[in-house]
1. For the subset of region 247-290 comprising residues that are touching a strand residue (DSSP E or B) at 6+ places or on another chain (Cβ under 8 Å) and under 28 Å from Tyr389 (Cα atoms), which member is surrounded by the most Cβ atoms within 10 Å (Cβ to Cβ)?
2. Would you mind finding the one in Gly340, Gly353, Gly336 that is touching a His at 6+ places or on another chain (Cβ under 9 Å), loosely packed, with under 13 Cβ neighbours inside 10 Å and not polar (S, T, N, Q)?
3. Can you tell me which residue within region 311-333, out of those that are farther than 20 Å from Ala84 by Cβ and among the polar types (S, T, N, Q), is surrounded by the fewest Cβ atoms within 10 Å (Cβ to Cβ)?
4. Here is a list: Glu174, Glu168. Which entry is assigned to a helix (DSSP H, G or I) and surrounded by fewer than 19 Cβ atoms within 10 Å (Cβ to Cβ)?
5. What's the total number of residues in region 130-140 that are surrounded by 16 or more Cβ atoms within 10 Å (Cβ to Cβ) and farther than 18 Å from Phe76 by Cβ?
6. Tally the residues that are over 30 Å from Gln161 (Cα atoms), hydrophobic (A, V, I, L, M, F, W, C) and touching a helix residue (DSSP H, G or I) at 6+ places or on another chain (Cβ under 8 Å), restricting the search to region 227-285.
7. Among the listed residues Asp191, Asp217, identify the single one that is at pLDDT below 95, closer than 30 Å to Leu449 by Cα and assigned to a helix (DSSP H, G or I).
8. Step by step: first the residues of region 359-383, then only those that are within 26 Å of the chain's Cα centre (by Cα) and more than 27 Å from Lys451 (Cα to Cα), then the one that is surrounded by the most Cβ atoms within 10 Å (Cβ to Cβ). Which residue is that?
Amino acid sequence: MLQKGIKVSYFVVRTGKRCILLFLLLVAVLSGNAQTVYTLDSCKAMSARDNLTVQNKRLAVEAAKQQQKEVFTKFFPTVSAMGAGFWLTNPMIDMDYDLGKLQIPIFSPVMISVDLPSIPMQMINGGIMGGITAVQPLFAGLRIVRGNQLAKLGYEAAELQLKLSEDEVATQVETYFWKIVMLKEKQKMLDALDRQLSHIAHDADAAVAAGVIKPSDKLQVELKRQELESGRIKVANGIRVCKMMLRQYARIPERDFDIEYDTLLLPDSPESYYMESSAAVGLRTESQLLDMQVKAAELQTQMEIGKHLPQVAVGAGYSAYLMDVNDYNTSSNHFGMVFGTVTVPITDWWGGGHAIKRCRINEQIARNEREQNLQLLEIQTEQTWNELYEAYQQLLIAQQSVALAKENLRLQSDYYEAGTSTLSDLLNAQSQLQQSTDSFTEAYTDYQLKKNLYLKRSGR
């Protein structure tokens with residue numbers, strides 16, 4: 001008896017281990033097949049961090065920062081060094097120096113003239129030289145100052161361009177996210193209608209067998225189910241394409257993922273979002289860029305004026321050389337120096353006056369473009385508000401249509417059960433509910449997109 005008990009216990013233990021092992025394997029398989037779920041906020045955060053367009057704009061900001069640092073170095077002295085060496089195949093100076101004649105007095109007035117020999121002279125066979133010079137500009141027509149202001153303006157503009165790119169990418173992410181939401185809601189509706197049609201088809205089989213309805217009525221149910229299946233295929237394909245686009249903009253690593261969103265409930269009125277268009281334009285990034293465009297044109301004019309002003313600089317240098325005079329002698333020296341320069345571009349004013357007038361004209365063009373674009377931005381903001389308000393009104397109408405379609409389907413179902421309504425009436429009521437539900441989903445997603453767009457176009 002004891003031996004049997006031991007065998008039974010051993011069997012139970014082994015069986016328990018196998019069950020635990022199978023359970024763990026099942027959990028691992030289910031975990032491996034689980035889809036990663038993303039919300040709209042997580043998709044927008046990923047796009048702001050990883051989207052390639054945003055990354056390029058971020059690199060452009062860094063490039064503008066480096067350019068700003070580069071221009072700042074123009075305040076520092078310009079230091080240059082020079083070195084040279086040479087060696088000649090023949091001496092640079094090769095000549096015979098004639099000593100002439102030597103006059104030796106013997107007794108007056110007798111002189112003896114003696115011809116002296118010529119002396120060959122060969123000098124400078126080669127040498128090396130070098131020097132270093134530092135020049136500090138004191139006044140360059142304020143071009144260095146204006147150049148630094150332009151570089152700073154370019155850096156600030158690059159940052160604003162980055163913000164614009166982030167907003168544009170976020171808009172695309174929102175668009176495809178809400179398209180997926182719309183298609184998933186349509187998919188839910190198709191599934192619900194298919195379940196209802198399965199129940200109706202079961203009742204229709206019994207009714208045909210009992211001779212209550214004609215076989216052609218049963219065929220209407222099958223045709224409706226085929227229509228739903230066709231719609232389901234289109235919706236599934238639309239979801240797949242929108243997920244691909246969302247994955248590209250948000251840089252989602254997984255190919256197979258899902259999204260999470262709240263239940264589609266009627267939102268509050270958008271009246272609380274309204275802002276005067278003139279005030280909203282002042283908060284927009286585009287408005288700041290237009291101001292910078294005018295400022296850049298003004299700085300360009302100042303830079304052009306600076307080109308035609310006197311240039312003042314001071315400097316210092318140090319030089320040294322070593323010359324191989326001949327086979328027996330070398331010559332070397334070193335020295336320092338300080339100097340100042342004043343450059344007056346006299347003839348540049350012949351064309352400089354016209355260049356300055358051209359820059360003034362460009363300034364006015366920039367101001368006109370700013371004024372025109374601000375007006376267009378104000379119109380665009382007001383139009384976006386009208387579209388948002390219209391989208392909310394359409395959403396209210398769609399919600400009422402859904403309520404009416406549900407009530408009509410309930411009544412037609414009751415009438416059909418009571419035998420006072422035909423199967424065609426019931427199927428038509430289902431189609432009306434599907435259409436009204438799809439219209440509500442489309443109106444809801446359109447409202448969300450219009451709301452987010454209006455908030456962006458009002459600087460929020």
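The values are calculated or read from the model by the stated rules, or taken from the named source; none is laboratory data. All values reported here derive from a predicted model rather than from experimental measurement. Cβ coordinates were reconstructed from backbone atoms using ideal geometry, including for glycine residues, and neighbour counts include every protein chain displayed.
1. Ile259
2. On the way: Gly340 fails: touching a His at 6+ places or on another chain (Cβ under 9 Å); Gly336 fails: touching a His at 6+ places or on another chain (Cβ under 9 Å).
None of the other options fit; the residue is Gly353.
3. Asn329
4. Details: Glu174 fails: surrounded by fewer than 19 Cβ atoms within 10 Å (Cβ to Cβ).
Among Glu174, Glu168, only Glu168 is assigned to a helix (DSSP H, G or I) and surrounded by fewer than 19 Cβ atoms within 10 Å (Cβ to Cβ).
5. 1
6. 7
7. Details: Asp217 fails: closer than 30 Å to Leu449 by Cα.
Checking each option against the conditions leaves just Asp191.
8. Ala366
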